[in-house]
Amino acid sequence: MNIDGDNGIPDNDVVLTTRSRLARNLADHPFLNRASDMQSALVMQTAQRVLLDAPLSEKTLWMDLDELTPLDRSLLVERHLISRHHSESSLHRGVAISSDEHMSIMVNEEDHLRIQVIQRGSRLDETFEQLMRIDALLEQQLDYAFHDQWGYLSVCPTNVGTGIRFSVMVHLPALRITNELAKVQRAAKELHLVVRGYYGEGSESTGQIYQVSNQVTLGRTEEEIQEEFSKSIIPALIDYERSARNVLMKKNSMLLDDRIQRAYSVLCSARLLKVDEAMKLLSRVRLGASLGHVDCSIQTIDELLVQVQPAHLNQQAQSTLSDNDELEYRALIVRNTLSQQ
Amino acid sequence: MKCDLCNKPAVVHEVSINNGKKKEVHLCLEHAQAAGVAIPGQQPINKLLTKFVIGQSPKSTGKECPDCGITFAQIKRSNLIGCPGCYNAFRDSLGSLIEQAQYGASSHIGRVPNRKHTPSQFELRAKKLMNELDAAVTAEQYERAAILRDRLNKLSTEVQADEDEVQGGDGGS
Ligand SMILES: [Zn+2]
Ligand SMILES: [Zn+2]
């Protein structure tokens, strides 16, 4: 079953985003942990020229991360266009981004290239197709490190072979309330999946948002990995969460509605908001929005989840906010957005 | 003459001069074979020496990658591989590391690159400059290294300008 969520985004009651990404390295260049300053600069120059020349998207922007301010780099992290690791690394590094922000190609992250395509809702097939098209274009211009037995080579043994990683970002508040998350985690482990928080590797899960990805990249074709993800893993996650929501609605609907409405009231009236508190409350309201308990679209909540992050607030305020100002400004943004609904 | 590694008589002898330093190698039959060297008479002596040196010097005991110099111990500690060449240099030990990381999978069956890419003018020039730079640094010619470094930095804009010119000459498109 494929439910069209609000604004036509498939299954967005549970799925925030789906993402496909490839790890690629240039042949005859050392990987980044062994590369000198000049060698990593050379990878940058080679990649930059190709990324800007190839018709990867309608409009591709290139950013040299060394030249960006820390605030700009944090903005990219908050939008999931680069990783925290990439933002904080001391190497020469850059990123190519399509102007619609669906494609981003990190240069000199952990591998020479990390190519990703991300979409809202459950659209893994679409992201996979786009990713394969981009990879084919790049392969005409770049000589990738490839091995007869181990396929595309990577700095890390966990990425060799296809170098492909699929991720789905899911909102699982009902499974949390019904205490079934541990069961999901166990099932994920058996299927060789890894479960991470909102900002990927090493991040905490905030607001019951989890990122689920495949761990095995070798010994199966890209299509096999993708099919399993699209046809069984994502549907299973959606089913678990939806059944938990149904159970809650039947058994405890008043308690559930109470939690949602309290969260909504706090967001509509708070004068100071910390980022974790905002995410936790937005998570409950998101559940309310997908059950039709509050008059607010899911997409609005998903946008707020990004807008309440520190760098986004500072950018919108167009000044460096003090800690207290940040709390106040966050509360203001949330109140204004929800009152416009 | 005795073997460098034990008291038996040496049957393999070779002298080489490397970077102005003379190096002598003397080995008994057993140690020559252990170093992967066949007995004299079966192969030209030069080949023997190369093999011996490959077998004994720290760069070539198979403990360091000949391309990037990383050791397998370092790879194991960080779980990070040094370069594409490591995959052949440590083929066996890496194989088990990969199988472990990949839940038993050991061979790629997915896509393969569909054509060998021909290096662009930029890559060829950049590579040449890189080699010259390496040589300059090794020879401690730092002034020359600085010049080469500047050239390398400018290269990308130069090549870009060249290409723009060519496209302009075509009358645009
Ligand atoms: Zn001996
Ligand atoms: Zn190596």
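The values are calculated or read from the model by the stated rules, or taken from the named source; none is laboratory data. Computed from a predicted structure; not experimentally measured. Cβ placement follows ideal geometry from the backbone for every residue including glycine, while neighbour counts extend to all protein chains displayed.
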- Quick one: in region A:173-206, which of the residues that are of a type in the set (Ser, Thr, Tyr) and within 22 Å of A:Leu76 (Cα to Cα) is modelled with the highest pLDDT? A:Tyr198
- In region A:41-59, residue farthest from the other protein chains (Cβ to nearest Cβ) [restricted to those that are in contact with a helix residue (DSSP H, G or I) (Cβ under 6 Å, 6 or more places away or on another chain) and touching a residue at least 24 places away in the same chain (Cβ under 8 Å)]: A:Leu56
- Task: Return yes or no: is A:Leu61 within 30 Å of A:Ser319 (Cα to Cα), assigned by TED's automatic domain parsing to the domain that holds A:Met132 and away from ligand 1 (no atom under 16 Å from the Cβ)?
- Result: yes
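Conditions (1) part of a loop (DSSP other than H, G, I, E, B); (2) within 13 Å of chain B (Cβ to nearest Cβ), marked per residue:
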site	(1), (2)
A:Asp125	no, no
A:Met132	no, yes
A:Leu142	yes, yes
A:Ser167	no, no
A:Leu175	no, no
- Message: Going through A:Asp64, A:Asp53 one at a time, which residue ends up being at pLDDT below 90 and surrounded by fewer than 21 Cβ atoms within 10 Å (Cβ to Cβ)?
- Response: A:Asp53
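Residue-by-condition table, conditions (1) touching an Asp or Glu at 6+ places or on another chain (Cβ under 6 Å); (2) surrounded by 18 or more Cβ atoms within 10 Å (Cβ to Cβ); (3) of a type in the set (S, T, N, Q); (4) assigned to a helix (DSSP H, G or I):
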{"residue": "A:Lys183", "(1), (2), (3), (4)": "no, no, no, yes"}
{"residue": "A:Glu227", "(1), (2), (3), (4)": "no, no, no, yes"}
{"residue": "A:Lys231", "(1), (2), (3), (4)": "no, no, no, yes"}
{"residue": "A:Ile238", "(1), (2), (3), (4)": "yes, yes, no, yes"}
{"residue": "A:Ser243", "(1), (2), (3), (4)": "no, no, yes, yes"}
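Regarding A:Leu256, is this residue in contact with a helix residue (DSSP H, G or I) (Cβ under 6 Å, 6 or more places away or on another chain), surrounded by 21 or more Cβ atoms within 10 Å (Cβ to Cβ), of a type in the set (A, V, I, L, M, F, W, C) and under 19 Å from A:His171 (Cβ atoms)? Give the steps one after another, and end with the answer.
Numbers: in contact with a helix residue (DSSP H, G or I) (Cβ under 6 Å, 6 or more places away or on another chain): yes; surrounded by 21 or more Cβ atoms within 10 Å (Cβ to Cβ): yes; of a type in the set (A, V, I, L, M, F, W, C): yes; under 19 Å from A:His171 (Cβ atoms): yes.
Yes: the conditions hold for A:Leu256.
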- Note on the structure: Scanning region A:34-43 for residues that are in a helix (DSSP H, G or I) and farther than 16 Å from B:Arg125 by Cβ, the one farthest from ligand 2 (Cβ to nearest atom) turns out to be A:Asp37
